[in-house]
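The values are calculated or read from the model by the stated rules, or taken from the named source; none is laboratory data. In this text the structure is predicted, and so the values were computed from the model without any measurement. All Cβ positions, glycine included, derive from the backbone under ideal geometry; neighbour counts span all protein chains shown.
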Amino acid sequence: MLRNSLLLLFCAAALCGQEAPAPAFDVISVKHVGDVQSTMVQEGNMTRSNMQPFRYTAGSVSAKVPLQAILLEAYQVKAFQLQGPDWLNQEVYQIEARMQDGTTREVARQMLQTALAERLGLKVRREPKEFPVYVLVVVPGSNKLEEITPAPQGYGVRFGRGMLEAIPCMPLGSLSGTLQQAAGRPVLDETGKKGCYKIKLQWSADPPSEGGVMRMGADPGVISAISQLGLKLESAKRTLDNIIIEKVSKEPTEN
């Protein structure tokens, strides 16, 4: 009797020591559908991409984006915190996944990590690293931001010479990412505002030099223009997770 009791206690302790299985989708399809260039479609005189940003519903997750964007969503980091092969931001993947109704986005992102490990053999390691950054903050006493409610499922961004406009609105975390090229270093949203806000900026911009190419989003005039929203950038240093890709396959295993 004593021997059986000890055996039961030993088994219980062994079970307690086991790690819980990683969260996983009920069903998931991962397809490599081409590269960024192959997603471009011609509509009259305009060219647009048919990529689709991440969309969450009560019981599903879907996206058609470069692998880099999937990794950024899964690990909730910015592009400057991710080190891996050059093709990460060129190869496009389509994800369709089902999960239990009521699954939080935090858990769904853990499920994405599991799917990437199982389907693409992803292995990563995390290393803390200090980065010189700018932080996006609200100018004290300012009240210029206009929140759009309810927040839309998606949004677009229109660039032009001396202008930037979100259609119909944009989270400030996304605005901070848009400012990085012009700022010359990572920009982090520290406004504390989580909604979707009307963004329409205009500034005086010099035309590109003869034969030069205007790179959308690179005009430094946009930095001073954010004061139109009651926002500003402050120089800072932040210690953040650096995600290093040790292994990843370009082609997923079969669905």
Could you run through the stretch 83-139 and say how many residues are within 16 Å of Ala58 (Cβ to Cβ), among the hydroxyl-bearing types (Ser, Thr, Tyr) and in contact (Cβ under 8 Å) with a residue 24 or more places away in the chain? 1
Which condition breaks for Pro21 when tested against (1) modelled with pLDDT under 95; (2) outside any helix (DSSP H, G or I); (3) in contact with a strand residue (DSSP E or B) (Cβ under 8 Å, 6 or more places away or on another chain)? (3)
On the given criteria, is Ala97 under 17 Å from the mean Cα position of the chain (by Cα), in the same structural domain as Phe80 (by TED's automatic domain parsing), of a type in the set (Gly, Ala, Ser) and surrounded by 16 or more Cβ atoms within 10 Å (Cβ to Cβ)? no
Filter result (closer than 27 Å to Phe131 by Cα and not in a strand (DSSP E or B)) within the stretch 56-68: Leu67, Gln68
Kindly list, by first and then second residue, each pair from a residue in the stretch 141-162 that is touching a residue at least 60 places away in the same chain (Cβ under 8 Å) to a residue that is in a loop (DSSP other than H, G, I, E, B) and exposed (fewer than 11 other Cβ atoms within 10 Å of the Cβ), limited to pairs with Cβ atoms under 6 Å and residues at least 6 apart or on different chains. none
When only residues in the stretch 133-150 that are aliphatic (A, V, I, L, M) and surrounded by 15 or more Cβ atoms within 10 Å (Cβ to Cβ) count, which is nearest to Gln181 (Cα to Cα)? Val133
Against the condition assigned by TED's automatic domain parsing to the domain that holds Gly84, within 26 Å of the chain's Cα centre (by Cα) and either under 26 Å from Glu254 (Cα atoms) or modelled with pLDDT of 95 or more (or both), how does Arg48 come out, does it pass? no
Would you confirm whether or not the stretch 190-210 contains a residue that is of a type in the set (Gly, Ala, Ser), surrounded by fewer than 17 Cβ atoms within 10 Å (Cβ to Cβ), touching a helix residue (DSSP H, G or I) at 6+ places or on another chain (Cβ under 7 Å) and modelled with pLDDT under 85? yes
Qualifying residues in the stretch 69-105 (those that are part of a helix (DSSP H, G or I) and not aliphatic (A, V, I, L, M)) - the one modelled with the lowest pLDDT: Phe80
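Just to check your reading of the model, which residue among Gly184, Gly156 is closer than 25 Å to Phe54 by Cβ and under 23 Å from the mean Cα position of the chain (by Cα)?
Gly156
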State which residue pairs qualify: first residue in the same structural domain as Lys31 (by TED's automatic domain parsing) and inside the stretch 55-66, second residue crowded, with 20+ Cβ neighbours inside 10 Å and assigned to a loop (DSSP other than H, G, I, E, B) in any location, beta carbons under 6 Å apart, and separation of 6 or more residues or different chains. Gly59/Met99
